[in-house]
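Participant: Just dropping this structure here.
The values are calculated or read from the model by the stated rules, or taken from the named source; none is laboratory data. Keep in mind that what you see is a predicted model, and the values were worked out from it rather than measured. Cβ coordinates were reconstructed from backbone atoms using ideal geometry, including for glycine residues, and neighbour counts include every protein chain displayed. SASA here: full protein model, heavy atoms, side chains in, ligands and nucleic acids out. Shrake-Rupley method; radii C 1.70, N 1.55, O 1.52, S 1.80 Å.
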Amino acid sequence: SKLEALFDHPLYNIPIPEVTEKDKLFVVNPMEKFSLRSSGSDEWVSSSKAEMVLPTGKTAYDTYPTWLKFHVGINRYELYPRRDPLMPTLLRDLATQRIISSVQKTGGTQLKLIMTFPNYGQALFKPMKQTRDQETPIDFFYFSDFERHNAEIAAFHLDRILDFRRIPPASGRLVNITKEIRDITTDKKLAKTFFISPVGNICFYGECSYYCSTEHALCGKPDRLEGSMAALLPDKTLAKRRSWRSPWRRSYHKSKKAEWELNPNYCAQVRETPPYDRGHRLLDLIDMTVLDFLMGNMDRHHYETFEKFGNDTFLLHLDNGRGFGTHSRDELSILAPLRQCCSIKKSTYLRLQLLATQPYRLSDLLREALATDPLAPILAEPHLRALDRRLGKVLEAVGRCLA
């Protein structure tokens, strides 16, 4: 396995600082246990309400459902550890756990559903909008592009290979529209949008600001629909998140350009503006830029951080559905923060150099990582080949800065 060899490499074993209690997102009550409601059920309850006594010798943590262990593990430095023993189980849960509720997520330009499992875990479901080999039309503006379910899955694995670990785990899943959405939804607005197409497929379109109409309906075959299931982050009432507008945000206008597109010295003013004037925030943003350029994602207008950790923490790379839309062109404007600031973390640069070498070729590693997904193949081959080409362009940009 090339992936295992990569994760054994010294560059992937640089220790994170010691995690103290104040560096953890949650302080956990070590006595609170979870238990199965009854021996034949897969529903979890807090031990104070449990009807079944726990086997002796189990620590409280051992009784937590996997999604809760994931939440409890989040700290100032990482969303999940490099060698996370939970990851295979968490991805399997996203792909196989029984869905007991499906409701539409409010806001956004496209339809997304929040799905709940019997153990109180939740996932964000993004349905399939286009096939693997369709490219975004060249005349489309970035803001009118579809969100792709396979981009969400590939982004999670790519982020992990780059050792950022800032995207919540995501898995592919084949969902039954009838049994796992229509029949169990309590969302009245969503329920009104189901219909049967002329060829007998079950379709629905939901309510949203852009692509929610019969012309953009999502249809099963006849009721099977592919989608991505991403583990939800802890509820904002428990772990507040702060949303930051990216300084290199695009104009979201058909003819206006953003300031960074007109001013080659734009980075100088960003460096003087909090929170980019100290710490590693600007370098973290450049990490995100590299990830976005490799995926071809032009839609990074905001990013988030956990409020508890202030400015000294990682950025959450959420909402990656507009990546992997085009393999035949490379959008160099995405690299503007790197090219204008001429800064990159040394550790990131060394890892990128490693991923350009034969034993650890980026496309091979991502192909291997994606092969285990239930919906494999996740990316068409030209997208994987584009990664190696784009990685070369990132290294070229750093080389020019060094020169």
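Participant: Working carefully through the options 120, 80, find the one that is surrounded by fewer than 16 Cβ atoms within 10 Å (Cβ to Cβ) and in contact with a Pro (Cβ under 8 Å, 6 or more places away or on another chain).
Facilitator: Details: 80 fails: surrounded by fewer than 16 Cβ atoms within 10 Å (Cβ to Cβ).
Answer to the selection: 120.
Participant: Scan region 174-206 for residues that are within 27 Å of the chain's Cα centre (by Cα) and crowded, with 17+ Cβ neighbours inside 10 Å and jot them down.
Facilitator: 175, 177, 180, 181, 182, 185, 187, 190, 203, 204, 205, 206
Participant: To continue, here is another question. Right, residue 83: among the basic types (Lys, Arg), more than 30 Å from residue 213 (Cα to Cα), more than 16 Å from the chain's Cα centre (by Cα) and part of a loop (DSSP other than H, G, I, E, B) or not?
Facilitator: Criteria met by residue 83.
Participant: Confirm whether residue 235 is of a type outside the set (Val, Ile, Thr), under 20 Å from the mean Cα position of the chain (by Cα) and exposed (fewer than 14 other Cβ atoms within 10 Å of the Cβ). Before you say what the answer is, go through the steps one by one.
Facilitator: On the way: of a type outside the set (Val, Ile, Thr): yes; under 20 Å from the mean Cα position of the chain (by Cα): yes; exposed (fewer than 14 other Cβ atoms within 10 Å of the Cβ): yes.
Against the criterion (of a type outside the set (Val, Ile, Thr), under 20 Å from the mean Cα position of the chain (by Cα) and exposed (fewer than 14 other Cβ atoms within 10 Å of the Cβ)), residue 235 qualifies.
Participant: A further question follows. So the check is Cβ under 6 Å with 6+ separation or different chains; which pairs have a first residue in region 371-383 that's in contact (Cβ under 8 Å) with a residue 40 or more places away in the chain and aliphatic (A, V, I, L, M) and a second one that's open to solvent by less than 50 Å² (accessible area, probe 1.4 Å) and in a loop (DSSP other than H, G, I, E, B)?
Facilitator: Between residues of region 371-383 that are in contact (Cβ under 8 Å) with a residue 40 or more places away in the chain and aliphatic (A, V, I, L, M) and residues that are open to solvent by less than 50 Å² (accessible area, probe 1.4 Å) and in a loop (DSSP other than H, G, I, E, B), the close pairs are 380/132.
Participant: Okay, next question. So for region 295-304 (the condition being among the acidic types (Asp, Glu), without any contact (Cβ under 8 Å) to a residue 12 or more places away in the chain and over 15 Å from residue 332 (Cα atoms)), does at least one residue qualify?
Facilitator: Looking through region 295-304, none of the residues is among the acidic types (Asp, Glu), without any contact (Cβ under 8 Å) to a residue 12 or more places away in the chain and over 15 Å from residue 332 (Cα atoms).
Participant: With respect to residue 227, is the statement that it is in a loop (DSSP other than H, G, I, E, B) and within 18 Å of residue 114 (Cα to Cα) true?
Facilitator: On the way: in a loop (DSSP other than H, G, I, E, B): no; within 18 Å of residue 114 (Cα to Cα): yes.
Taking the combined requirement at face value, the residue does not satisfy it.
Participant: I would also like to ask the following. So which of 171, 209 is surrounded by fewer than 22 Cβ atoms within 10 Å (Cβ to Cβ), of a type in the set (Ser, Thr, Tyr) and not in a helix (DSSP H, G or I)? Explain how you work it out, then say what you get.
Facilitator: Details: 171 fails: surrounded by fewer than 22 Cβ atoms within 10 Å (Cβ to Cβ).
Going through 171, 209 in turn, the sole match is 209.
Participant: Still on this model: List the number of the failed condition for residue 270; all other conditions in (1) surrounded by fewer than 17 Cβ atoms within 10 Å (Cβ to Cβ); (2) β-branched (Val, Ile, Thr); (3) touching a helix residue (DSSP H, G or I) at 6+ places or on another chain (Cβ under 8 Å) hold.
Facilitator: (1)
Participant: Against the conditions (1) in contact with a strand residue (DSSP E or B) (Cβ under 9 Å, 6 or more places away or on another chain); (2) modelled with pLDDT of 95 or more, where does residue 207 fall short? Just the number, please.
Facilitator: Of the numbered conditions (1) in contact with a strand residue (DSSP E or B) (Cβ under 9 Å, 6 or more places away or on another chain); (2) modelled with pLDDT of 95 or more, the odd one out for residue 207 is (2).
Participant: Run residue 73 past the list (1) under 20 Å from residue 25 (Cβ atoms); (2) open to solvent by 50 Å² or more (accessible area, probe 1.4 Å); (3) touching a strand residue (DSSP E or B) at 6+ places or on another chain (Cβ under 9 Å) and report the number of the one that doesn't hold.
Facilitator: Residue 73 satisfies all of (1) under 20 Å from residue 25 (Cβ atoms); (2) open to solvent by 50 Å² or more (accessible area, probe 1.4 Å); (3) touching a strand residue (DSSP E or B) at 6+ places or on another chain (Cβ under 9 Å) except (2).
Participant: For a quick check of your reading of the model, give me the residue pairs whose first member lies in region 327-356 and is within 30 Å of residue 8 (Cα to Cα) and open to solvent by less than 30 Å² (accessible area, probe 1.4 Å), whose second is of a type outside the set (A, V, I, L, M, F, W, C) and part of a helix (DSSP H, G or I), with beta-carbon atoms closer than 8 Å and at least 6 apart or on different chains.
Facilitator: 335/289; 335/393; 338/289; 348/287; 351/12; 354/360
Participant: Considering only region 357-370, state which residues are buried (at least 16 other Cβ atoms within 10 Å of the Cβ) and assigned to a helix (DSSP H, G or I).
Facilitator: 360, 362, 363, 364, 365, 366, 367, 368, 369, 370
Participant: Could you check how many residues of region 300-323 are of a type in the set (S, T, N, Q) and open to solvent by 20 Å² or more (accessible area, probe 1.4 Å)?
Facilitator: 1
Participant: Ok, one more. Looking for something more than 23 Å from residue 341 (Cβ to Cβ) and of a type in the set (Asp, Glu) - is there at least one such residue anywhere in region 293-312?
Facilitator: Yes, because at least one residue in region 293-312 is more than 23 Å from residue 341 (Cβ to Cβ) and of a type in the set (Asp, Glu).
Participant: Given the conditions (1) open to solvent by 10 Å² or more (accessible area, probe 1.4 Å); (2) under 30 Å from residue 85 (Cα atoms); (3) of a type in the set (Phe, Trp, Tyr), and given that residue 156 satisfies all but one, which numbered condition is not satisfied?
Facilitator: Answer for residue 156: the failing condition is (1).
Participant: Let me ask you something else. Pick from 319, 292, 287: which is in contact with a helix residue (DSSP H, G or I) (Cβ under 9 Å, 6 or more places away or on another chain), under 30 Å from residue 125 (Cβ atoms) and at pLDDT below 95?
Facilitator: Result of the check over 319, 292, 287: 319.
Participant: Do you know which residues across region 327-342 are assigned to a helix (DSSP H, G or I) and not aliphatic (A, V, I, L, M)?
Facilitator: Result: 333, 337, 339, 340, 341.
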